[in-house]
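Chemist: Take this structure, written in structure tokens, and hold onto it; I'll ask about it next.
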Amino acid sequence: MKRISAEYIFTGKKILKRGIIELNSNGEITKVTDTGGKISEQQSLEFYNGVIVPGFVNAHCHLELSHMKGMIKNTTVKGLPGFIDEIISKRNFPDNLQDYIEKADKEMQMKGIVAVGDISNTDDSFTIKKNSSIYYQTFIEAFTVSNEKVIETFEQAANNYYKLKKLNLSGTIVPHAAYTVPHNLYEMISKYKNETSKIISVHNQETPGEDELIKNKTGTLAEVLIKKGFQLKDFSYPGNSALETNLYYLNKKDNILLIHNTFSKEKDIETAENFSDNIYWVFCPLSNLYIEKTLPNLPVFFKKNVKTCIGTDSYASNTELSILSEMKVIIENYPEIPFEQLIKSATINGAKALKIQNKYGSIETGKTPGLNLITKFDFEKMTLKPESSVKVLVS
Ligand SMILES: [Zn+2]
């Protein structure tokens, strides 16, 4: 048994000053005590000068692209259309891809990440996911350039889905984005295994040209897609925005993870929230700065108290896979967002999005969320400092 305390504990649901967490040898929490800030000398109590938070949930990653660190320069890429152009020509998988994926998985463990929503276009990451201590929800992502390729694309995704199930890993088939999934393919994805509620992820409103493409099939994004062989006549794009197109096809009962939302407006937030109670807004700020050089209007999302999550995206558009670093850049740009809300985005909200809140996301009796210690914390403002760092206390 272990007894742990720190200056503050952010349980994912509330803040305890010098609370005490008791765990058994499996890392399962057996008791959480609110001491009201006063702990008398206790035998075998480990006390830390920092704040303890639950293990992080990375709601969006592409492990498969772990070999791409630095391949697309953030100094030369100017927006998603150019990024897509480069990624399609540079993504060729190297022979030692497994080494890169394994290293990325280990890095996430070291940085206190316990669960990941991970995009897969191939089965390259499955074995490493199977053997990892991280919980993975795999999103087998489908997209294609024309109607002609729909059946082949879906069969390939279904084939990967069965490989995943054989390994006893959790996953679903998901659309890449509104603009890369022809009508027939989006319908097939939506209807597949639809007896129960699924978890769906889709890239949404990452670049301004997305909505223009949906409305008029014009703009720089349209130009890049045409250059890459997309037959835009096969894409019906119902709705007036990428968000509306996605909602047209998606099921209300599924958990819907909308990824990026860099250019989503207040009206979009309301549209999605009116559509379903299961919308999760996933933000990858470092990736947005890398590609689009801007951030989503995060204070609006936090003010509306919608379900926000945090993701790292991949090494193709990030220099590290760290939820702490994503939180730091949010606080640096939007200091008005309270750390308490941000930590919910990094833990319990992600756990709910991936439907693993019975085990992960908050420090509560019966759960095995993992425990992280954040040191060099700003106790005066109760928020992160640029030099704050994370250490895994219980994995
Ligand atoms: Zn992505």
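The values are calculated or read from the model by the stated rules, or taken from the named source; none is laboratory data. All values reported here derive from a predicted model rather than from experimental measurement. Ideal geometry is used to build each Cβ from the backbone, glycine not excepted, and the neighbour counts take in all protein chains shown.
Chemist: Here is a list: Val174, Val150, Val114, Val145. Which entry is in a strand (DSSP E or B) and closer than 26 Å to Leu243 by Cα?
Modeler: Details: Val150 fails: in a strand (DSSP E or B); Val114 fails: closer than 26 Å to Leu243 by Cα; Val145 fails: in a strand (DSSP E or B).
Going through Val174, Val150, Val114, Val145 in turn, the sole match is Val174.
Chemist: Here are Lys165, Lys198, Lys193: which of them is crowded, with 19+ Cβ neighbours inside 10 Å, more than 21 Å from Ser264 (Cβ to Cβ), more than 16 Å from the ligand (Cβ to nearest atom) and within 23 Å of the chain's Cα centre (by Cα)? Walk me through it before giving the result.
Modeler: Working: Lys165 fails: crowded, with 19+ Cβ neighbours inside 10 Å; Lys193 fails: crowded, with 19+ Cβ neighbours inside 10 Å.
One residue alone meets the criteria, Lys198.
Chemist: Report whether or not Lys163 is free of Cβ contacts under 8 Å to residues at least 40 places away in the same chain and either assigned by TED's automatic domain parsing to the domain that holds Lys252 or β-branched (Val, Ile, Thr) (or both).
Modeler: In short, no.
Chemist: Taking the range 117-140 as the region of interest, how many residues are part of a helix (DSSP H, G or I) and touching a residue at least 40 places away in the same chain (Cβ under 8 Å)?
Modeler: Of the residues in the range 117-140, 4 are part of a helix (DSSP H, G or I) and touching a residue at least 40 places away in the same chain (Cβ under 8 Å).
Chemist: Considering only the range 306-395, give the helices (runs of 4 or more DSSP H) lying wholly within it that have at least 2 residues that are small (Gly, Ala, Ser) and within 16 Å of the chain's Cα centre (by Cα).
Modeler: In the range 306-395, 339-346, 348-353 are the helices (runs of 4 or more DSSP H) which contain 2 or more residues that are small (Gly, Ala, Ser) and within 16 Å of the chain's Cα centre (by Cα).
Chemist: Find the residue count for the range 264-289, including only residues that are within 15 Å of the ligand (Cβ to nearest atom) and buried (at least 20 other Cβ atoms within 10 Å of the Cβ).
Modeler: Selection size over the range 264-289: 9.
Chemist: Residue by residue through the range 64-76, note down the ones that are surrounded by 12 or more Cβ atoms within 10 Å (Cβ to Cβ) and either of a type in the set (Val, Ile, Thr) or over 23 Å from Gly311 (Cβ atoms) (or both). Working first, answer last.
Modeler: Restricting attention to the range 64-76, the residues satisfying the condition of being surrounded by 12 or more Cβ atoms within 10 Å (Cβ to Cβ) are 64-69, 71-72, 74.
The one that is surrounded by 12 or more Cβ atoms within 10 Å (Cβ to Cβ) and either of a type in the set (Val, Ile, Thr) or over 23 Å from Gly311 (Cβ atoms) (or both): Ile72.
Chemist: Considering the range 257-277 alone, what residues qualify as being farther than 17 Å from Gly311 by Cα and not in a loop (DSSP other than H, G, I, E, B)?
Modeler: Of everything in the range 257-277, those that are farther than 17 Å from Gly311 by Cα and not in a loop (DSSP other than H, G, I, E, B) turn out to be Glu266, Lys267, Asp268, Ile269, Glu270, Thr271, Ala272, Glu273, Asn274, Phe275.
Chemist: Name the residue that is farthest from the ligand (Cβ to nearest atom), counting only residues in the range 290-305 that are out of contact with any Pro (no Cβ under 8 Å at 6 or more places or on another chain), within 19 Å of Gly79 (Cα to Cα) and not in a helix (DSSP H, G or I).
Modeler: Asn297
Chemist: So Phe379 passes all but one of these: (1) of a type in the set (Phe, Trp, Tyr); (2) in contact with a Ser or Thr (Cβ under 9 Å, 6 or more places away or on another chain); (3) surrounded by fewer than 16 Cβ atoms within 10 Å (Cβ to Cβ). Which condition number does it fail?
Modeler: So the condition that Phe379 fails would be (2).
Chemist: How many of the residues in the range 186-212 are free of Cβ contacts under 8 Å to residues at least 60 places away in the same chain and of a type in the set (Phe, Trp, Tyr)?
Modeler: So the count comes out to 1.
Chemist: Right, here's the next one. Within the range 349-362, is even one residue within 16 Å of the ligand (Cβ to nearest atom) and over 17 Å from Asn261 (Cα atoms)?
Modeler: yes
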